[in-house]
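Peer 1: Before we start, here is the structure in question, set down as C-alpha cells.
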C-alpha cells in the first residue's frame, strides 16, 4: 500500500495517523519519521522520510496550508520522478483495462435496465 516507492532510508514507526491539517479527501498519514501516502497517481503508494528534501517540502506545504490540489500535483511529479518508465507503462495499461471493464459493466447495466423496461 505504501511501499511502491520509498524515499529515504525506509525507517518508519509502527503507527501512522491521518494528517488532519490538510483539508479534503486524501490518504496522507504520518508518523514521527515519515509520511505514508496511498492513492497517488496511477494508484501508487509511497513512504517519504521526513528528513529528505521531498519530506521537508511536503511538511512545508502542510504547515503553509497549501491546497490539496497543489499537493496532489506535486505528489504526481514525485511519483513520475521515482517510477521507471516500464512501471509507468504497466500501471497505465492496468488503469486502461480497469476503465474498459468499468465501462463494460456500466453498459451491461444500462442494457439490462432497458430490456427490463421493455417487458
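Peer 1: I'm checking my understanding of the structure. Among residues of the stretch 17-33 that are over 16 Å from the mean Cα position of the chain (by Cα) and surrounded by 13 or more Cβ atoms within 10 Å (Cβ to Cβ), which one is modelled with the highest pLDDT?
Peer 2: 33
So that you can scan it fast, the table gives a plain yes or no per residue for (1) farther than 17 Å from residue 45 by Cβ; (2) outside the structural domain of residue 6 (by TED's automatic domain parsing):
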{"site": "73", "(1), (2)": "yes, no"}
{"site": "79", "(1), (2)": "no, no"}
{"site": "88", "(1), (2)": "no, yes"}
{"site": "91", "(1), (2)": "no, yes"}
{"site": "94", "(1), (2)": "no, yes"}
{"site": "100", "(1), (2)": "yes, yes"}
{"site": "103", "(1), (2)": "yes, yes"}
{"site": "108", "(1), (2)": "yes, yes"}
{"site": "113", "(1), (2)": "yes, yes"}
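Peer 1: Across the stretch 37-77, which residue is nearest to residue 90 (Cα to Cα) among those that are under 10 Å from the mean Cα position of the chain (by Cα) and in a strand (DSSP E or B)? Quick ask: steps written out before the conclusion?
Peer 2: Step one: filter the stretch 37-77 for residues under 10 Å from the mean Cα position of the chain (by Cα), giving 37-46, 72, 75-76.
Retained after the next criterion (residues that are in a strand (DSSP E or B)): 37, 46.
Details: 37: 20, 46: 17 Å.
Per the criteria, the residue is 46.
The values are calculated or read from the model by the stated rules, or taken from the named source; none is laboratory data. Nothing here was measured: the structure is a model prediction, and the numbers come from that model. Cβ sites come from the backbone with ideal geometry, for glycine too, and all protein chains shown count toward neighbours.
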